[in-house]
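These notes concern the structure reproduced below.
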Amino acid sequence: MKSQEVRKKFLAFFESKQHTIVPSAPMVLKNDPTLMFTNSGMAPFKEYFLGNATPKNSRISDTQKCLRVSGKHNDLEEVGYDTYHHTMFEMLGNWSFGDYFKKEAISWAWELLTKVYGIDKDILYVTVFEGDKEDGTKMDMEAYDLWKTHIAEDRILKGNKKDNFWEMGEQGPCGPCSEIHVDIRSANEKAKVDGKSLVNMDHPQVVEIWNLVFMQYNRKANGSLEELPAKHIDTGMGFERLCMVLQDVQSNYDTDVFTPLIREIETITNVAYGKDEKVDIAIRVIADHVRAVAFAIADGQLPSNNGAGYVIRRILRRAIRYGFTFLNKKEPFIYKLAETLSHQMGDAFPEIRKQDSLVNNVIKEEEASFLRTLDQGLLLLDKVIETTKGKTISGSKAFELYDTYGFPLDLTQLIAREKGFSINEDEFASEMKKQKDRSRSASASETGDWVTVLEDEIEEFVGYDTLKVDVKLTRYRKVTTKKDGDQYQLVFNMTPFYPEGGGQVGDKGYLETSNGDVIHILDTKKENNVIIHFAKNLPKNLSETYKAVVNDEFRNLSASNHTATHLLHQALRTILGTHVEQKGSLVSPDYLRFDFSHFSKVEKEQLNEIEEFVNARIRENIPLTERRNIPMQQAIDEGAIALFGEKYGDSVRAIKFGQSMELCGGTHVQQTGDIWYFKIKSEGAVASGIRRIEAISNVAVGDYFETIEKDFSEVKQLLKNPKDVAKSVSSLQDENTSLKKQIEQLLKDKAKNLKGDLKSQLQEINGVNFLATKIDLDPNGIKNLMFELGGEVENLFLLFATAPSKEKAMLTCYISKDLANEKGYDAGKVVRELGKYIHGGGGGQNFFATAGGKNPGGIPKVLDKAKEYLS
């Protein structure tokens, strides 16, 4: 059964059971501080499990793109070594939110597997929760009895809390679960070892394919459990593993989920899969990782140096490194797999097809960049090996290569072994632990349980219509972090505070109590559909009514910049072309940042045209047209632009200013004239095919023009207030150019005169014409002088030192190529070793090298020591 049919049959089955089929949510998560990525099928539905929202249909089914780079069974550094763990994978799932429970979940799972897919029940095992004394939970007899009606009792196994009790996190909804495992070993192997002894033992052919979670408890901050008011079903089936079973193969990588990619890798690299284990691992790594990276980029997460972007970069670099080391690929090639992936999965996930050009360009640029880093790392590693005493490289040096240059340990080990060296792995592990401890300490936080003040209140956002409103506290919790100390997170029955989202920063403001006390709201965020207000203190009386007041200047300036981003988006699509799509944004009171897809630098004339387009819309004073709660498809049909990487519900809010219409939850001005003026500050590249514009509007533009005027006045004064400032500056530039030429000629004449003096100072030592001296010339003059002398004198060894300032010293070494190539002299080694006397270092080629340092006082020692190289 082809993978496309496997997916379709699953969704059709649950549609027949009255489930609403929903599209996969983006793999990149927003509005959930506990997760960077969607790591399970239930992650997009957390707000329903937490009771913060109610779905339109209590029965839902989908196939969800997931990304895991750590967890109970999986770690990034292990993917590729086995046949059934992945970074990016699909999770087929069905959910019940307070509707059906264990009976239906178990019977439908059995029906789908054995009747629809036709899996032999004799290769299946199921597990049920055995209970846990610490939690005070008993064995899940309800699930056990239900399973007995479908499967032989000796195939129902008891599982402990680790394997059969699912938790969302340290706190929150949780419950017992039943796992369904499949044994696809050969008959001979089954005769030797009973399959039940291999369940949950990480055997590659006895694997879990489906987990049925019975969500019935809430884990509190103190670790205790309480019953949930409504019970839910959350199931997740590994799509790739299911395909392995249905296609009767022994590895996920042998299914048609991966074989098209593997065939393409073989074609590109001219290396065969299935011949060499190291090569096979590399091919599996690349086939797995390109899926994770491509879908992350298609969902809006570009590789970067921090956060979720760093995770994506790390995954891609691991794939590049395996290609570099084991497939001998020294140039970009992984990007070519994006087209195969688009053809293969574009029907099920249209975003990968829509963004295939972006995915291709970003991966190609990242590959080229990291391959340059690998080359740099190889040079650095050569230097480390060269300066290592003995045959063991310091673990701290290896960690520096890893941490600073992204040079992985196993590649360092591989190269070191080839040269007869080993790595102090204990020291490396110690440095890694220190880094993790620092990171953990910096991000450590302690979050208390929500304390409910008012039950059954609707927590409503009213900030589009007012900046002041009377509110009541519905719940709060205390959070302690190392950075901020104690803070309180407050939730109200209604709020005018806009929570961070859609690129716009969260509102600030204050609460005013009945006796005049003020509680400052430091920030506002949204977490799983709940608007959370951050404050340093709690109100004294939790049950009274407070006046919630948004900082109107902060809000109005944010709104001005947000509307400006919409007009900028319209300008870019009008002037550069409709290929332009928003790829990210930041809207704050001070400035706006807008990332967009475009294949080349935006020229100055185009930037001027874009700026004028936006300011023309501002002068038109176009009124805001806002439509709330309209069907998503209707808004799209009417021309609204849906933003890149955003998750939208069935009903949306559309913002329109003239011909600009976008789906947006942010705040905006009432008419474009409120923006006053728009000014682009910079334009540049973020990644291949992605450009960034930073701009200002409103008050910030006034401040900008005031600064420009002040600077211009100061320049005029310095130039003695000329009538034509540009002409005066041009005249200065011409004069400066002329003087530079005169100085260059003087330096050449000086070097010419020096050459004769230096030739007379040469000493012949062991057949080498040697001179080490201090001179007063610029670096370019020194280099030219050395090469001129080298052309006139054979077997030449020169070391020149100079001190451009009291805190700066420089060494330059020239050695005739015949000495360097035939007798082993090395200018690079000379300056590296002598550089320590001037508290610096350097390097270069064996015939010419330079070093810089901070201690001119060490120059006499350098000149004295230079002769030692001739003995």
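Where a number appears in this text, it was derived from the coordinates with a stated rule and is not lab data. These numbers come from a predicted model, not from an experiment. Backbone-built Cβ (ideal geometry, glycine too); neighbour counts: all protein chains shown.
Points to keep in mind about this one:
- Sorted peptide list for 180-192, 56-68, 231-243, criterion being average Cβ within 10 angstrom, highest first: 231-243, 56-68, 180-192
- Set Lys220/Lys536; Lys46/Lys482; Lys774/Lys865; Lys583/Lys647; Lys750/Lys861; Lys2/Lys115 screened for pairs whose C-alpha atoms are more than 20 Å apart: Lys220/Lys536; Lys46/Lys482; Lys750/Lys861
- Rounded to 10°, Cα long-axis angle of helix 409-418 versus longest principal axis of the chain: 50 degrees
- From phi via Karplus (6.51, -1.76, 1.60), per-residue ³J(HN,Hα) for region 495-502 in Hz, x at Gly/Pro: 8, x, 7, 7, x, 3, x, x
- Mean separation of Cα contacts under 8 Å (6+ apart) over length of region 452-590, as relative contact order %: 24 percent
- In region 265-367, the trypsin sites (Lys or Arg not before Pro) that fall in loop regions by DSSP, at most 11 other Cβ within 10 Å: Lys275, Lys330
- Seen through its C-alpha gyration tensor, with square-root eigenvalues sorted a ≥ b ≥ c, region 259-364 comes out oblate because a/c lies at 1.5 or above while a/b is not bigger than b/c.
- Protection proxy ranking of 296-307, 743-754, by the mean of other Cβ atoms within 10 Å over each peptide's residues and highest first, is 296-307, 743-754.
- For the chain, the share of DSSP beta bridges that are antiparallel, to the nearest 5, is 90%.
- Sorted ascending by nearby beta carbons within 10 Å, beginning with the fewest, Thr524, Thr513 become Thr513, Thr524.
- Each peptide in 141-150, 385-394 receives the mean, over its residues, of other Cβ atoms within 10 Å, and ordering these scores from highest gives 141-150, 385-394.
- Bins of 5 Å, starting at 0 and running to the largest distance - Cα pair percent for region 744-870: 2, 12, 23, 25, 21, 13, 4, 0
- Nearby lysines by direct alpha-carbon distance to Lys727 (threshold 29 angstrom, same-chain neighbours under 8 apart not counted): Lys604, Lys679, Lys681, Lys710, Lys716, Lys740, Lys741
- Looking at region 1-47, none of the GluC sites (Glu not before Pro) sits in a DSSP loop with at most 10 other Cβ atoms within 10 Å of its own Cβ.
- Helix axis angle, 395-405 relative to the chain longest principal axis, alpha carbon, degrees: 80 degrees
- The distance separating the Cα centre of region 629-705 from that of region 161-233 comes to 45 Å.
- A helix-only calculation puts the chain at -12000 deg cm²/dmol for mean residue ellipticity at 222 nm, using -39500 (n - 2.57) for each DSSP H run of at least four residues, averaged over all residues.
- Ranked Tyr322, Tyr464, Tyr273, criterion: other C-beta atoms within 10 Å, fewest first: Tyr464, Tyr273, Tyr322
- Calculated FRET value between Glu822 and Glu544, using beta carbons and R₀ = 60 Å, to 0.05: 0.05
- Degrees separating the helix 277-298 axis from the principal Cα axis of the chain, which is the longest one: 80 degrees
- Extension gain from Lys162 to Thr392, taking 0.36 nm per residue of separation minus the Cα-Cα distance: 78.7 nm
- Relative contact order %, the chain, counting alpha carbon pairs below 8 Å whose residues are six or more apart: 6 percent
- Trypsin sites (Lys or Arg not before Pro) within region 628-728: DSSP coil, no more than 11 neighbouring Cβ in 10 Å: Lys720, Lys723
- Within the shell defined by Cβ-Cβ distances under 12 Å, the residues around Thr373 carry a net charge of +1, with Lys and Arg each +1 and Asp and Glu each -1.
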